[in-house]
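The values are calculated or read from the model by the stated rules, or taken from the named source; none is laboratory data. The structure presented is a predicted model; accordingly, all values stated were derived computationally and were not measured. Please note: Cβ atoms are built from the backbone with ideal geometry, for glycine as well, and neighbour counts cover all protein chains shown.
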Amino acid sequence: MTVYAAPGTEGAIASYRPRYDHWIGGEYVAPANGQYFENPSPVNGRTFTEVARGDADDIDRALDAAHGAAPAWGRTSVTERAIILNKIADRIEEHLEELAVAETWENGKPVRETLNADLPLAIDHFRYFAGAIRAQEGSISEIDGDTIAYHFHEPLGVVGQIIPWNFPILMAVWKLAPALAAGNAVVLKPAEQTPTSILYLMELIADLLPPGVVNVVNGFGAEAGKPLASSSRIRKIAFTGETTTGRLIMQYASQNIIPVTLELGGKSPNVFFSDVAAEHDEFYDKALEGFTMFALNQGEVCTCPSRALIQSDIYSSFLGDAIARTEAIKQGNPLDTDTMIGAQASNDQLEKILSYFDIGKAEGAKVLTGGYRAEMEGDLAGGYYVTPTIFEGKNSMRIFQEEIFGPVVAVTEFADFDDAIKLANDALYGLGAGVWTRSGADAYRAGRSIEAGRVWTNSYHTYPAAAAFGGYKGSGVGRENHKMMLDHYQQTKNLLVSYAQGRQGFF
Amino acid sequence: MSDDVRSPQAVGAPPARVAVTDAAAALLARLRVKHGDLMFHQSGGCCDGSSPMCYPDGDFITGDADIHLGDLAIAAGSDQDGDAFTVPVWMSRNQFEYWKHTHLTIDVVPGRGAGFSVEAPEGVRFLIRSRLFTDEEWEVLRD
């Protein structure tokens, strides 16, 4: 067990500056309007730094820097760009522990996750795209003996990216790595809940990237996000967030005729077939862990398995074991490596989760465990903690249909395979799903029948690069985490070349 | 909570689907001075989803995919200009199918929403509080 010292206290391995400006053109630039906003840590609710409150003027300055850098960056060889991405990965790896503590302090998630998931995945993501861009090839179509169509990949130029707060560094890297590999310059707006851990990273890698290739402007969505998303000076916008903002960003993009990639969340079903409980062996234990994954990252994951569907004949016994497993989750100081669940990222998240407890109970759902705010003591007293919660109810209830974004799972039973698929697909979203069975045939059929972009089969919540991630239905457009994301950051240039000497014959 | 909720409801009219707390109404009055007429669109999905998003009216383009749940009536006097005004509330039609049996009250809490909702820079966040319609209300609304 290790308990890391909080940034800003004696013995801390990570320390934040008292104030952060925008990162534009490879250096800190004060906000045009001179305004800053406070950044509280969800761990104790107290402000630990202040951050530039950007507006349209700052976005314009960042776009100027990006446009200045984009032409030369877009002409670098894939070898050079791959080397830089690999160096970034190495640099993050050298500072992994420090970045993990910094990110935990800003987001509230347990440090065991930042140490073992967020940052290792971010490192690997840069390495994956360094490899993918080296291996990418254009194509040639031989139209006829004298006519050849050549297809080249070209960068889009300057792109905009709006990042969520649930994985402040990893979500930024999911978007930055393919964009940079493809040769684009970026203006990135972090979430206002987690504006500084990405700046912590930018400082560490500042010497590796040409100035202006990555620019970070902080601020509120209405003041900084909107001028970025609606700018006529970006050639693409990428967003992770929720449906209304996703639609709004698409509306802005339609005015500029630019492509959009969106990752908008879900209400992911986790389906447990009877044969899971055929033996109480290692696999059964794994399935119980799979159920409990709803509490990973405090439930603040777009793919949170927030609906558990359990086959009727094992319903009571499996659920009983799952409740016991859930109640064994250790909640506490996020900087303690033994802590399994930390703090929700903000007070309004906490309030929203509590409001869902109210409507869940009003609709007649039964609380099997949890269902209340976790009051912490001592240094953590002001933080935003929720006890992992299991509701039992019907799939038509709102707690089964809406993304609560907290450690809350809604459980119901199903009779047979068809019933399971019907329930699984009765949702507006289709981002993730889990299927648990000892039958390869059932696993395959269920996985293909569920309308979701990612179906974890006998596993959950793994996010390796090279496994495409994105949504069906209301969950969005595009696939991250895979080389196919390069296509979303590239133009296709076609040279259609005639090697014939004779005229075509029209004139 | 029920006694500080304004719900626009004429005699004989069907029950309102939406209401607003005094605190949220006062905030809307302040925001209207800065941004002009306002609208809500209820969000779903990730991160800041399941939250009511407040925009300058017309900034978010609604269409056949949306349902107009009602208009919040903000009484004269709560506005710094003194005008009474209304704020339309919208939701996606497919989301409404799962929400239609619940009455929604727009409240406000301290916090930091993401998204482009106009109240976030004030250090507060609009929040939906829900209750089930009573049998009597539902009898009228279901048709």
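If I ask for residues that are polar (S, T, N, Q) and either assigned to a helix (DSSP H, G or I) or within 14 Å of chain B (Cβ to nearest Cβ) (or both), which ones from the range A:338-370 would you list? Break it down stepwise before answering.
As a first pass, look at the range A:338-370 and keep what is polar (S, T, N, Q): A:339, A:344, A:346-347, A:349, A:355, A:369.
Residues satisfying the conditions are A:GLN344, A:SER346, A:ASN347, A:GLN349, A:SER355.
Name every residue in the range B:117-143 that is closer than 22 Å to A:GLN344 by Cβ, touching a residue at least 12 places away in the same chain (Cβ under 8 Å) and outside any strand (DSSP E or B), in order of residue number.
Across the range B:117-143, the qualifying residues are B:SER117, B:GLU119, B:GLU122, B:GLY123.
Taking A:GLN251 as meeting all but one of (1) buried (at least 22 other Cβ atoms within 10 Å of the Cβ); (2) within 8 Å of chain B (Cβ to nearest Cβ), write down the number of the exception.
All conditions pass for A:GLN251, except number (1).
Taking the range A:7-28, which residues are outside any loop (DSSP other than H, G, I, E, B) and surrounded by fewer than 19 Cβ atoms within 10 Å (Cβ to Cβ)? If you could, list the steps in order and put the result at the bottom.
First, pick out the residues of the range A:7-28 that are outside any loop (DSSP other than H, G, I, E, B): A:19-20, A:22-24, A:27-28.
Within the range A:7-28, A:ARG19, A:GLU27, A:TYR28 meet the criteria.
Just to be sure, is A:THR244 at the interface with another protein chain (Cβ under 9 Å from one of its Cβ atoms), among the hydroxyl-bearing types (Ser, Thr, Tyr) and either over 24 Å from A:LEU180 (Cβ atoms) or free of Cβ contacts under 8 Å to residues at least 40 places away in the same chain (or both)?
yes
Give me a count of the residues in the range B:123-140 that are more than 9 Å from chain A (Cβ to nearest Cβ) and polar (S, T, N, Q).
1
Going through the range A:371-382 one residue at a time, which ones are within 14 Å of chain B (Cβ to nearest Cβ) and touching a residue at least 24 places away in the same chain (Cβ under 8 Å)?
Here is the first cut: in the range A:371-382, the residues within 14 Å of chain B (Cβ to nearest Cβ) are A:373, A:382.
Within the range A:371-382, A:GLY382 is the sole residue that qualifies.
So, B:LEU104, is that one outside any loop (DSSP other than H, G, I, E, B), within 16 Å of the chain's Cα centre (by Cα), within 15 Å of B:ASP22 (Cα to Cα) and more than 7 Å from chain A (Cβ to nearest Cβ) or not? Outline the logic, then answer.
Values: outside any loop (DSSP other than H, G, I, E, B): yes; within 16 Å of the chain's Cα centre (by Cα): yes; within 15 Å of B:ASP22 (Cα to Cα): yes; more than 7 Å from chain A (Cβ to nearest Cβ): yes.
In short, yes.
Which residues, taken from the range A:324-379, are charged (D, E, K, R), out of contact with any strand residue (DSSP E or B) (no Cβ under 8 Å at 6 or more places or on another chain) and either crowded, with 22+ Cβ neighbours inside 10 Å or at pLDDT below 95 (or both)?
Filtering the range A:324-379 down to residues charged (D, E, K, R) leaves A:325, A:327, A:330, A:336, A:338, A:348, A:351-352, A:358, A:361, A:363, A:366, A:373, A:375, A:377, A:379.
After this cut, where a residue has to be out of contact with any strand residue (DSSP E or B) (no Cβ under 8 Å at 6 or more places or on another chain) as well, the list is A:325, A:338, A:375, A:377, A:379.
Passing the criteria: A:GLU375, A:GLU377, A:ASP379.
Matching residues to (1) of a type outside the set (Asp, Glu); (2) under 16 Å from the mean Cα position of the chain (by Cα); (3) under 18 Å from A:LYS175 (Cβ atoms):
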| position | (1), (2), (3) |
| --- | --- |
| A:ALA69 | yes, no, yes |
| A:SER77 | yes, no, no |
| A:GLU93 | no, no, no |
| A:GLU97 | no, no, no |
| A:GLU103 | no, yes, yes |
| A:ARG112 | yes, no, no |
| A:LEU115 | yes, no, no |
| A:ALA130 | yes, no, yes |
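I'm checking my understanding of the structure. Among residues of the range B:55-91 that are in a strand (DSSP E or B) and touching an Asp or Glu at 6+ places or on another chain (Cβ under 6 Å), which one is surrounded by the most Cβ atoms within 10 Å (Cβ to Cβ)? Let's see the steps before the verdict.
Quick first cut of the range B:55-91, residues in a strand (DSSP E or B) only: B:55-56, B:66-74, B:85-91.
When the remaining residues are screened for being touching an Asp or Glu at 6+ places or on another chain (Cβ under 6 Å), the result is B:86, B:88, B:90.
Values: B:THR86: 15, B:PRO88: 17, B:TRP90: 23.
The residue in question is B:TRP90.
Looking at the range A:160-169, is at least one residue surrounded by 24 or more Cβ atoms within 10 Å (Cβ to Cβ), more than 14 Å from chain B (Cβ to nearest Cβ), out of contact with any strand residue (DSSP E or B) (no Cβ under 6 Å at 6 or more places or on another chain) and not charged (D, E, K, R)?
Looking through the range A:160-169, at least one residue is surrounded by 24 or more Cβ atoms within 10 Å (Cβ to Cβ), more than 14 Å from chain B (Cβ to nearest Cβ), out of contact with any strand residue (DSSP E or B) (no Cβ under 6 Å at 6 or more places or on another chain) and not charged (D, E, K, R).
Kindly state which strands (runs of 3 or more DSSP E) lie completely within the range A:110-189 and contain at least 2 residues that are under 30 Å from A:ASN256 (Cα atoms) and of a type outside the set (A, V, I, L, M).
Values: elements: A:139-144, A:147-155, A:158-162, A:185-189.
Once the strands (runs of 3 or more DSSP E) in the range A:110-189 are filtered for at least 2 residues that are under 30 Å from A:ASN256 (Cα atoms) and of a type outside the set (A, V, I, L, M), what remains is A:147-155, A:158-162.
Just need a number here: residues in the range A:396-414 that are at the interface with chain B (Cβ under 8 Å from one of its Cβ atoms), assigned to a loop (DSSP other than H, G, I, E, B) and farther than 22 Å from A:PRO164 by Cα.
If we filter the range A:396-414 for residues that are at the interface with chain B (Cβ under 8 Å from one of its Cβ atoms), which is where we start, we get A:396, A:398, A:401-405.
Pick out the ones that are also assigned to a loop (DSSP other than H, G, I, E, B) and you get A:396, A:402-405.
Narrowing the set further to residues that are farther than 22 Å from A:PRO164 by Cα leaves A:396.
Residues that pass the stated criteria total 1.
Restricting the first residue to the range A:292-308 and requiring it to be closer than 21 Å to A:SER396 by Cα, which pairs with a second residue that is of a type in the set (A, V, I, L, M) and assigned to a loop (DSSP other than H, G, I, E, B) meet a Cβ separation below 6 Å and a spacing of at least six or different chains?
A:CYS302/A:LEU431; A:THR303/A:LEU431
Please enumerate the residues belonging to the range B:109-122 that are surrounded by fewer than 22 Cβ atoms within 10 Å (Cβ to Cβ) and more than 8 Å from chain A (Cβ to nearest Cβ).
Hit for the range B:109-122 is B:GLU122, nothing else.
Cβ-Cβ under 7 Å, sequence separation 6+ or interchain: first residue in the range A:118-132 and free of Cβ contacts under 8 Å to residues at least 40 places away in the same chain, partner among the small types (Gly, Ala, Ser). Which pairs?
Final answer for the pair search is A:ILE123/A:ALA89.
Among residues belonging to the range A:213-238 that are in contact with a His (Cβ under 8 Å, 6 or more places away or on another chain) and not charged (D, E, K, R), point out the one that is farthest from the other protein chains (Cβ to nearest Cβ).
As a first pass, look at the range A:213-238 and keep what is in contact with a His (Cβ under 8 Å, 6 or more places away or on another chain): A:215-218, A:233, A:236, A:238.
The next check asks that each one be not charged (D, E, K, R); those that pass are A:215-218, A:238.
Details: A:ASN215: 19, A:VAL216: 15, A:VAL217: 14, A:ASN218: 12, A:ALA238: 14 Å.
Out of the qualifying residues, it is A:ASN215.
If A:ARG46 meets every condition in (1) in contact (Cβ under 8 Å) with a residue 60 or more places away in the chain; (2) under 23 Å from A:THR196 (Cβ atoms); (3) under 24 Å from the mean Cα position of the chain (by Cα) apart from one, which number is that one?
Status for A:ARG46: all satisfied but (3).
Do the conditions hold for A:ASP90, that is, is it surrounded by fewer than 17 Cβ atoms within 10 Å (Cβ to Cβ), out of contact with any Cys (no Cβ under 7 Å at 6 or more places or on another chain), over 30 Å from A:MET376 (Cβ atoms) and not small (Gly, Ala, Ser)? Walk me through how you get there before you give the answer.
Values: surrounded by fewer than 17 Cβ atoms within 10 Å (Cβ to Cβ): yes; out of contact with any Cys (no Cβ under 7 Å at 6 or more places or on another chain): yes; over 30 Å from A:MET376 (Cβ atoms): yes; not small (Gly, Ala, Ser): yes.
Against the criterion (surrounded by fewer than 17 Cβ atoms within 10 Å (Cβ to Cβ), out of contact with any Cys (no Cβ under 7 Å at 6 or more places or on another chain), over 30 Å from A:MET376 (Cβ atoms) and not small (Gly, Ala, Ser)), A:ASP90 qualifies.
May I ask you to verify whether A:GLU38 is under 24 Å from A:VAL217 (Cα atoms), part of a helix (DSSP H, G or I), within 14 Å of chain B (Cβ to nearest Cβ) and not aliphatic (A, V, I, L, M)? Don't jump to the end; show me each part of the working.
Values: under 24 Å from A:VAL217 (Cα atoms): yes; part of a helix (DSSP H, G or I): no; within 14 Å of chain B (Cβ to nearest Cβ): yes; not aliphatic (A, V, I, L, M): yes.
It is false that A:GLU38 is under 24 Å from A:VAL217 (Cα atoms), part of a helix (DSSP H, G or I), within 14 Å of chain B (Cβ to nearest Cβ) and not aliphatic (A, V, I, L, M).
Of all residues being touching a helix residue (DSSP H, G or I) at 6+ places or on another chain (Cβ under 7 Å) and not hydroxyl-bearing (Ser, Thr, Tyr) in the range B:82-101, which is nearest to the other protein chains (Cβ to nearest Cβ)? Just the residue, please.
The qualifying residue nearest to the other protein chains (Cβ to nearest Cβ) is B:TRP99.
Got at least one residue in the range A:431-446 being within 14 Å of chain B (Cβ to nearest Cβ) and either out of contact with any Pro (no Cβ under 6 Å at 6 or more places or on another chain) or within 15 Å of A:ASP275 (Cα to Cα) (or both)?
Step one: of the range A:431-446, the residues within 14 Å of chain B (Cβ to nearest Cβ) are A:431-432.
Then keep just the ones that are either out of contact with any Pro (no Cβ under 6 Å at 6 or more places or on another chain) or within 15 Å of A:ASP275 (Cα to Cα) (or both); that gives A:431-432.
Looking through the range A:431-446, at least one residue is within 14 Å of chain B (Cβ to nearest Cβ) and either out of contact with any Pro (no Cβ under 6 Å at 6 or more places or on another chain) or within 15 Å of A:ASP275 (Cα to Cα) (or both).
Restricting attention to the range A:423-453, report how many residues are part of a strand (DSSP E or B) and either among the polar types (S, T, N, Q) or over 11 Å from A:GLY266 (Cβ atoms) (or both). Even if it seems obvious, please write down each step before you answer.
Filtering the range A:423-453 down to residues part of a strand (DSSP E or B) leaves A:429-430, A:432-436.
Narrowing the set further to residues that are either among the polar types (S, T, N, Q) or over 11 Å from A:GLY266 (Cβ atoms) (or both) leaves A:434-436.
Residues flagged as part of a strand (DSSP E or B) and either among the polar types (S, T, N, Q) or over 11 Å from A:GLY266 (Cβ atoms) (or both) within the range A:423-453 amount to 3.
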